[in-house]
Amino acid sequence: MRVMSQPVGLPEVVESDLVRQVARSLTAAIVQGRLAPGAKVSEAAVARELGISRAPVREAARLLENQGLLRSSPRRGFFVRELSAADVDELYDLRICVERHAAVAASRRLTPETRAALRRQLDLMDALAREDDPATSVEADYQFHRMICEAAGNGRLLRLFDGLASELRIVIGLIGRLYDDPMKLARAHVPLLEAIEAGRPDAILAEVDHHLGVARREVGLLVQSLSPAKPDVS
C-alpha cells in the first residue's frame, strides 16, 4: 500500500481559471482605455459587475501588479499604473533591441507559411482599420510584432518580448490615439514586412528603427501631454 505524503504547508488552491479570466477582462479594459492610467480598480465594483466574489478579483489585481499593469497603495487599493515619458523611452529602447534581432532572424527563417500568416495579419489589421475599431486594431498590431519574434525561432527572445508586453499593454492603449486616420496604423507595417521578405538586414534594421522610433517619439509626447501639470512653486 502506497503511503501518502505528509502535508508540506501548500497554500489552498485558488480558482485559477477564474482569476485569469478576471485578469484578462481588466487587461482588456486597460488596453481599450476604459480603465485609464491612474484610475482606481475597485474590488467590490469589479466583483459586483462580474457577479463573483472579491477574492478572485483581488488575486487578479495582484497578478496584474506583478506584470506592471497595476500598482497597489496601502489601505487605498489598486490603481492602473501611470507610465512616465521616461518609462516609455526605456520600454521602447529595449523593444527596439529585441525586435531588431528578431526581424533579421525571422527573415533568415522565413517560410511560405510564415510569410502567408504575416500577410494575413496585415489584411486583418487593414480590415479592422476600415471598421474603425482602434482597440482591436492595436491588439492586432501587437500580435503582428509577436509573430515576427516567434518566427525568429528563439524561445528566450520570445519570452523576453512577452515580458515586455505586460507593460506595453498600457502603451498599446495609447497607440490608437496617434493616428486620426486608422488606416495609417495598418499601412505603417507594410514596409517592415516587405524588408523582411526581401531578406536584406540593412533595410530590416532601418525599418525597425523607423517604425518603432516613430511610435517611441509620439507615444512619449502623448504621455507627456496626458500627465498633470506640476504646480508652479517659483
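Descriptive notes on the structure:
- Spans of helices (runs of 4 or more DSSP H) in segment 41-149 with at least 1 residues closer than 26 Å to A29 by Cβ and more than 21 Å from the chain's Cα centre (by Cα): 43-50, 54-66, 112-130
- Looking across segment 174-206, the residues that are open to solvent by less than 50 Å² (accessible area, probe 1.4 Å), modelled with pLDDT of 90 or more and not in a helix (DSSP H, G or I) come down to H189, G199.
- Residue match in segment 136-147 (condition: open to solvent by 10 Å² or more (accessible area, probe 1.4 Å), among the small types (G, A, S) and more than 20 Å from A103 (Cβ to Cβ)): yes
- Residue list for segment 207-234, filter: at pLDDT 95 or above and either assigned to a loop (DSSP other than H, G, I, E, B) or surrounded by 15 or more Cβ atoms within 10 Å (Cβ to Cβ) (or both): E207, V208
The values are calculated or read from the model by the stated rules, or taken from the named source; none is laboratory data. Computed from a prediction, not measured in an experiment: that's the story for all the values here. Note that each Cβ is placed from the backbone with ideal geometry, even for glycine, and that neighbours are counted across all protein chains shown. All accessible areas refer to the heavy atoms of the entire protein, side chains included, with ligands and DNA or RNA removed. Shrake-Rupley method; radii C 1.70, N 1.55, O 1.52, S 1.80 Å.
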